[in-house]
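Okay, structure first, notes after.
The values are calculated or read from the model by the stated rules, or taken from the named source; none is laboratory data. As the structure is a prediction and not an experimental result, all values here were calculated from the model. Here the Cβ is made from the backbone with ideal geometry for all residues, glycine too, and neighbour counts use every protein chain on show.
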Amino acid sequence: MAHRSDIYNCALSLRRLKELFHIDRLLLAGGAVMNASLLQSGLIDELSVLAALVVDGGDGAPLFRRGGILPAAAPAAFKLKDVKRLEGDGLWLRYLRQEGS
């Protein structure tokens, strides 16, 4: 399937949110394909991962996936910024995107 940037322009959408509503920071919870689209557009500068051990025997859910829509891209490198232990044995991992990735 062809790249679908002609249908949804992530950079333009975020620019309009800033212009119209003065939004400087955005929580992304759109699923693996939306995450990958924003990552490929260079629009993710920080990544938070909340981890809680749960074993269900399933295949799991990816954080980033091209989903047959996005083209292959070079991997993005992140550097660990902070780790916090959460109540109930969870972890909050915060990463910053490394320059040039």
Query raised in the report: Among Phe64, Phe21, which is the only one that is surrounded by 12 or more Cβ atoms within 10 Å (Cβ to Cβ) and either within 23 Å of Tyr95 (Cα to Cα) or aromatic (Phe, Trp, Tyr) (or both)?
Result: Phe64
Query raised in the report: Could you say which residue among Leu39, Leu47 is assigned to a helix (DSSP H, G or I) and within 21 Å of Trp92 (Cβ to Cβ)?
Result: Leu39
Query - Candidate set: region 74-92, residues that are touching a residue at least 24 places away in the same chain (Cβ under 8 Å), assigned to a strand (DSSP E or B) and hydrophobic (A, V, I, L, M, F, W, C); chosen: the one farthest from Ala51 (Cα to Cα) - result: Phe78
Query raised in the report: Got a number for residues in region 39-53 being farther than 13 Å from Phe64 by Cα, of a type in the set (A, V, I, L, M, F, W, C) and free of Cβ contacts under 8 Å to residues at least 40 places away in the same chain?
Result: 3
Requested in this report: Count, please, the residues in region 70-101 that happen to be farther than 13 Å from Glu46 by Cβ and touching a helix residue (DSSP H, G or I) at 6+ places or on another chain (Cβ under 6 Å).
Outcome: 2
Requested in this report: Restrict the check to region 24-37 and report whether at least one residue is within 17 Å of the chain's Cα centre (by Cα), among the charged types (D, E, K, R) and modelled with pLDDT of 85 or more.
Outcome: yes
